[in-house]
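Please read the structure below before turning to the comments.
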Amino acid sequence: MSYTLTFSQYHEGLKKGKFLGLKCDDCGAYTFPPLGVCSNCGSSSMQVTEIEGRGTIRTFTVIRVAPEGMTPPYAIVIVELEQGPWVMGNIVGLNPDQLSLDLIGRKVIMGSQPVKGDMFTREDIRILTFHVA
Amino acid sequence: MREVAIAGVGMTKFGISEKSNLEMFAEAGLEAIEGSGVEPKDIQALFFGNCLGPFEEGQAHMAPFAASELGLPMSAPATRFEAACATSTVAFRHAAYLVGAGVYDIVLVGGTERAAAMGTSLATRTFAMGSQSKYESPAGLTFPGVFAMAAHMYAKKYTIPLDELKRCMAEVAVKNHYNGSLNPKAHFQKEITVDTVLNSMMVADPLQLFDCCPFSDGASAVVVAEANKVRGLVAHPIYVAGMGQASAGALYLQKDLTRVRARETSIKHAYEEAGVGPEDIDVCELHDCFTIAEILAIESFGFYDFGKGYDAALIGETGFKGKKVINPSGGLKAKGHPIGATGTAQITEIVQQLRGECGERQVEGAKIGLVDTLGGDFGTLCNIILRSS
Ligand SMILES: [Zn+2]
């Protein structure tokens, strides 16, 4: 059975400003970013669809000791999208030194930005970003 | 299923080592074999844990070399396990079930890791390989970052002021460093105060340096065998009562990070298999890679209600004078965390506790002990319940 929406197709979408995800034929749930089966019910019957980019911050951190190749400080958030999926990415447009627990619950809009690959990942890829709505 | 027991245990001192992964493993393995009253030629299989050997030493495929270091017979298959920080616990579970099933009578399980040898920057990068490489690690996610997000979510969900939660988290570090000060094999054997934690550098908000376990070098090993065999070999066999293991996907798929669902699944299985509950556990070595991680774990085990375990260390309930002694070895926090070696080192501590061999850090009268190891960003959980009779 062929993989419905590969990372490479998802990533081509990001480059064009589109968030490609999957809608389940059986339960209607959205899976984003893609998985082999529906993240809600496990069905493999899914259609590629465009995901809307609005959500709410559920938690965050500010990284101050970074992996090789990354420049701290930067903030990471987990966001619950209005269409259901939870996703991870970087917060943009806010000073990482001025974040507090009040950030949790803020409405955000999703984007993406390029991240330089390293010797392990071999390629530059885009990661999701979020700015406060 | 046959009854399974542990005959002997061994571990190196954890910390910074000049020795190679294989040399450290040979020390731990020979200690375990010797303490079991057997010879290397008696070992029928090696379940070997290592995570990052290729980055630490340019060494992959380490298991057969490890068997050769120990002089295990050619007929003993040597197989490498990798489950991030839960590596050797997972190896132990598979070994114990295969002994229980009658495939082997006597096997060696263990792990080795030179995490400190990599330095902080490369170690942080390679540890982050335990996160999803397309959808998580490009955000710059680190393991402190994973637990930092859990801590923020915990404070928000249970409406605990962050300062208060951080003081309670610091008390976990203070307790585990005190315990480590009683353990000659611990990476850190020095007591700290709450101020040591709160004045240390920020690593990933709200986690500071002393909320985090160190990168360590070290190895550990245990001999697992069919129980009748063990009774003929050593005075104090320690029995495998129950085990659990569970798996989960990327962190963002887990949603509520205050509830480690894979741990709840794993411990339920282990309790059922052992026929015990949280009230029966006398001593516990759990995965305190970060201070908040200990708080999440004691709630998952049912020692505390969800949202109620955060001040357990502060009020002394998890220390030596408390009702449930958590991490008497010093835990990952003070004993150290050479990832591939961590699980069988936790098992080593519980075996020695149940045998009453821990001296100053002995939990008096401990009969049933729990081991808990978490791998990756909540992706692998493994629990082992051991009993002394
Ligand atoms: Zn579905």
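The values are calculated or read from the model by the stated rules, or taken from the named source; none is laboratory data. Predicted, not measured: the structure shown is a model, and the values here were computed from it. Counting neighbours? That spans all protein chains shown, and the Cβs are built from the backbone with ideal geometry, glycine included. Remember, those area values only see protein heavy atoms, side chains included, never the ligands or the DNA or RNA. Shrake-Rupley method; radii C 1.70, N 1.55, O 1.52, S 1.80 Å.
Is it the case that residue A:4 is modelled with pLDDT of 95 or more, of a type in the set (Val, Ile, Thr) and over 16 Å from the mean Cα position of the chain (by Cα)? The answer is yes for residue A:4.
Out of the residues in region B:242-284 that are closer than 30 Å to residue B:140 by Cα and among the hydroxyl-bearing types (Ser, Thr, Tyr), which is nearest to the chain's Cα centre (by Cα)? Residue satisfying both the conditions and the ranking: B:266. The set of residues in region A:34-75 that are more than 16 Å from the chain's Cα centre (by Cα), open to solvent by less than 30 Å² (accessible area, probe 1.4 Å) and more than 8 Å from chain B (Cβ to nearest Cβ) comprises A:38, A:43, A:46. Restrict the check to region B:220-229 and report whether at least one residue is open to solvent by 10 Å² or more (accessible area, probe 1.4 Å), under 26 Å from residue B:21 (Cα atoms) and of a type in the set (Lys, Arg). Within region B:220-229, none of the residues are open to solvent by 10 Å² or more (accessible area, probe 1.4 Å), under 26 Å from residue B:21 (Cα atoms) and of a type in the set (Lys, Arg).
Scan region B:193-208 and tell me whether some residue there is crowded, with 22+ Cβ neighbours inside 10 Å, in a loop (DSSP other than H, G, I, E, B), at the interface with chain A (Cβ under 7 Å from one of its Cβ atoms) and of a type outside the set (Val, Ile, Thr). Yes, the conditions are met somewhere in region B:193-208. Among the residues making up region A:95-133, those that are at pLDDT 95 or above, surrounded by 16 or more Cβ atoms within 10 Å (Cβ to Cβ) and assigned to a loop (DSSP other than H, G, I, E, B) are A:99, A:104, A:106. Considered as a group, the residues in region A:76-94 that are in contact with a helix residue (DSSP H, G or I) (Cβ under 9 Å, 6 or more places away or on another chain) and in a loop (DSSP other than H, G, I, E, B) include one that is nearest to the other protein chains (Cβ to nearest Cβ), and that residue is A:85.
Selection of first residues in region B:67-85 that are over 30 Å from residue B:378 (Cβ atoms) and of second residues that are among the polar types (S, T, N, Q), restricted to Cβ pairs under 6 Å at least 6 apart or on distinct chains, gives the following pairs, ordered by first then second residue: B:76/B:44.
In the set (1) in the same structural domain as residue A:126 (by TED's automatic domain parsing); (2) within 15 Å of the ligand (Cβ to nearest atom), residue A:37 fails one condition alone, (1).
One residue stands out among those in region B:142-174 that are in a helix (DSSP H, G or I) and either polar (S, T, N, Q) or open to solvent by 40 Å² or more (accessible area, probe 1.4 Å) (or both): the one that is farthest from the other protein chains (Cβ to nearest Cβ), which is B:171. Out of the helices (runs of 4 or more DSSP H) lying entirely within region B:1-71, which hold 2 or more residues that are over 27 Å from residue B:130 (Cβ atoms)? Answer list for region B:1-71: B:21-35, B:63-70. Go through the residues of region A:51-59 one by one and say whether even a single one is out of contact with any Leu (no Cβ under 9 Å at 6 or more places or on another chain) and within 16 Å of the ligand (Cβ to nearest atom). Checked against the condition, which is being out of contact with any Leu (no Cβ under 9 Å at 6 or more places or on another chain) and within 16 Å of the ligand (Cβ to nearest atom), region A:51-59 yields no hits at all.
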